[in-house]
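The structure appears right after this line, and notes come after that.
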Number of protein chains: 4
Amino acid sequence: MHELKRCLRDFAIARDWEQFHSPKNLSMALSVEASEIVEHFQWLTEEQSKNLPKDTLEQVESELADTLIYLIRLADQLDIDLLAAAHSKIEVNERKYPVDKSKGNARKYTEPDR
Amino acid sequence: MHELKRCLRDFAIARDWEQFHSPKNLSMALSVEASEIVEHFQWLTEEQSKNLPKDTLEQVESELADTLIYLIRLADQLDIDLLAAAHSKIEVNERKYPVDKSKGNARKYTEPDR
Amino acid sequence: MHELKRCLRDFAIARDWEQFHSPKNLSMALSVEASEIVEHFQWLTEEQSKNLPKDTLEQVESELADTLIYLIRLADQLDIDLLAAAHSKIEVNERKYPVDKSKGNARKYTEPDR
Amino acid sequence: MHELKRCLRDFAIARDWEQFHSPKNLSMALSVEASEIVEHFQWLTEEQSKNLPKDTLEQVESELADTLIYLIRLADQLDIDLLAAAHSKIEVNERKYPVDKSKGNARKYTEPDR
């Protein structure tokens, strides 16, 4: 991931595109890519979404790549360590949803905790 | 990233939450997290977005973590290699936007290629 | 809708909030509200989404209202007649998907036309 | 708006498309359309977003129409009165942000109230 980060940074700098890469703009681009993934699933059932035709799967793969790319660029511009942040979040979630209390208990999934 | 993938898979299985993790549902969760990032920037100027107060930066970091987590879970359920997909995409972009033609040429940024 | 438009415009002007209401910012706010709706449905099945508990329905109603509010504000700032635009779009769709060819034919829903 | 609601309902029924219009699916389609609007603004400055070229403005108008269309369909499926919900929300906001306390006070815009 660190290699990807440097690679994407060099890519933008070489083309003089950093001017467009404010965190505000990158957050928009990231959300747009995430929605392009949603678009592939919006009319499918959950079951169909588990068994995508080959060409759809390839398009979704491309959209997942774009999403990761903008996520890495955004984290880089904010000087955030993405992997460390994810590991911290998992630890928080492990404390918040201990296995013994969470197993079979879909409360997280039936009562959104916003 | 492979370690994160296994870790997140085990986390969901241990709590019997895989039932909620269809690709359709995960695409929705991913897009919601991406929008939670956008929300922090929607009333800021681009300049302000480069200089976030410490507490806002911490919240954004948490949201970036959630976004990466759902992206990894979704790729895992679709059996997609995220890093390989990102590297392929970068190669495609390098051919599509060669430095000599792209430098200073903001066409990618002024004419969205949908 | 025209009354709502004027009402929302006066609301923003009275509080000196127009400074934040660039189309760029309003598009972000609109997408965030739309995602807040998605969040209520992300772990539900399609069937469950048709039978929401009363309190969830009230929250969704509030989010639908916020979405309409930002949509009207954005259209107002761009001087776009929302109702006329919707009527035009329906006419386009009626020509694109004539009943005799579309009935039972889920092509629009199985092959997204991006 | 009531006419649009009936028109869109008849359109879906005539083509036997109601089967795809669960609230879950419609919330996804709505968020995708809102993101298509964001895409037009992601690389523009706030100032540029106020002065769109004619062809971009036409595309944005089309996307605003699609967003309204899915919003009306979703409200219809949930039996929610969109206009009444918007009016209620405005009253709530008028109490939450009285003019005398809000004018010049950008707290709503500097401290998001999630």
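The values are calculated or read from the model by the stated rules, or taken from the named source; none is laboratory data. Model, not experiment: these values are computed from the prediction. No Cβ is skipped: glycine too gets one built from the backbone with ideal geometry, and neighbour counts run over all protein chains shown.
Details
- Any hit, region B:18-26, residues being assigned to a helix (DSSP H, G or I), crowded, with 18+ Cβ neighbours inside 10 Å and modelled with pLDDT under 95: no
- Members of region B:57-74 found to be free of Cβ contacts under 8 Å to residues at least 40 places away in the same chain and of a type in the set (Ser, Thr, Tyr), listed by number: B:SER62, B:THR67
- When residues of region C:40-90 are limited to those that are part of a loop (DSSP other than H, G, I, E, B) and under 24 Å from D:LYS50 (Cα atoms), the one nearest to the other protein chains (Cβ to nearest Cβ): C:ILE80
- Every pair of residues 6+ apart whose Cβ atoms lie under 7 Å, when the first sits in region A:83-95 and is free of Cβ contacts under 8 Å to residues at least 24 places away in the same chain while the second is polar (S, T, N, Q) and part of a helix (DSSP H, G or I): A:LYS89/B:SER62
- Among residues of region A:1-17, those that are over 10 Å from B:LYS103 (Cα atoms) and not in a loop (DSSP other than H, G, I, E, B), counted: 10
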